[in-house]
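Here the structure is laid out as structure tokens; the discussion comes afterwards.
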Amino acid sequence: MNKILKAILTRLYFMQKMSDKFKKTIRALLLEFHEIDKDEETMSTIFEEFLRNFYKLHTDYRVRSRHYIWDIKTLDNSNINLIPIMKTDIGRWLNLIMKNAKGTRKNISIIKTVENQGIKAEILEYDALHGMSDTRSAQTLYFMSEQNMKARPVAVYMEDDSFKIEPGAMSYFQGEIEMTSGLTVGNVLGKAFSGMATGEKMARPEYKGSGMLVLEPTFKHILLVELGEGENIIVDKGMFYGAQGSVKIKAMSQKNISAGWLGGEGWFQISLTGPGVIVLESEVPMEEIDIIELDNDTLKVDGNFAMLRSGSIDFAVEKSGKTMMGSAVSGEGFVNVFKGTGQVWLAPTIKIYDTLKATFGMGLGSTKGMNMNTSNTK
């Protein structure tokens, strides 16, 4: 293999289309070749990195190593992490006939990409929609586009992996992909009763295999979140749109009565535990979200605009002052309280958007006299 690699490196060095940076790297390898060509482990690493960079720079393929997850469950409290991992030397992403979800469309752009194991998720965004034939709808679309209200589909590329989505979210898929519902004769009744109690969907379709899955366009904003092993977040039920198959999804009840009755978030929220990629729908874009880092600290929020928090953060509702009189004087009544170590994602502008929607919904021409506070705790 050493002679073959040396011949390849030499030939590549003299190719005219190679970038100067790549040639410099090859030249350095050739100069040091006589010192490392006897080290099989180093040579294998160099060869793998060479292939990875070559494909990255000069082809449409994506190459990487694969980590395969054992599909097993322990019968006791044994540590499953002690089992050796399975890792390939090198592989490549599936090269679809449609190389990406943009296809032949010229008015759509990829605005964000996240990759994890056998999943690559992309947020796409239509630059504008030109299909309306009546002036009233066209006028509406124009003002929507000016306010960044654009149609955003999500594309998920899978390689021997799986992805769960909300029912009805699938637009189309291509490749060797199968859909399963997760429902069986044995669990359908249990899931039905659980769904009635929590408001959670009885079943979420799961797509498995290799190919491309495209979700329905939405005018909401899309957030791509990547969770590490065992990392846990809590989100509102309406935010979840999809997640990698390795992500554990379950309904989580509020830990105390005050949060359930007065918090404005309902009795149940969605708990998501990694590893894996998560797709969330949001009323506001990421640039309007303030990520607050807590280190054994306390955060008090007047309103229901904490859209996401770490699972390690405790949530409750308390009086804004030490006494009822103090709370009444402050004008804040009760506040949502977050304690612990982790992150809380705040979207204060939700107050503004909710006020505007309420104003137009009531047929008012002005927001004067409207209360922008989103709190349900007063």
- Please work out if Ser258 is in a strand (DSSP E or B) and modelled with pLDDT under 95. no
Note on Glu176: of the conditions (1) charged (D, E, K, R); (2) surrounded by 13 or more Cβ atoms within 10 Å (Cβ to Cβ); (3) not in a loop (DSSP other than H, G, I, E, B), unmet is (2)
Note on segment 263-288: residues in a loop (DSSP other than H, G, I, E, B) and either modelled with pLDDT of 95 or more or touching a Leu at 6+ places or on another chain (Cβ under 7 Å) (or both) are Gly274, Pro275
Q) In segment 292-302, is there at least one residue being surrounded by 13 or more Cβ atoms within 10 Å (Cβ to Cβ), at pLDDT below 85, not aliphatic (A, V, I, L, M) and not in a strand (DSSP E or B)? A) no
Over segment 115-148, the set of residues more than 20 Å from Tyr172 (Cα to Cα), outside any loop (DSSP other than H, G, I, E, B) and not hydroxyl-bearing (Ser, Thr, Tyr) is Glu115, Asn116, Arg136, Ala138, Gln139, Leu141, Phe143, Met144, Glu146
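The values are calculated or read from the model by the stated rules, or taken from the named source; none is laboratory data. All values derive from a computational prediction rather than experimental measurement. Quick reminder, even Gly has a Cβ in these numbers, built from the backbone with ideal geometry, and neighbours come from all protein chains shown.
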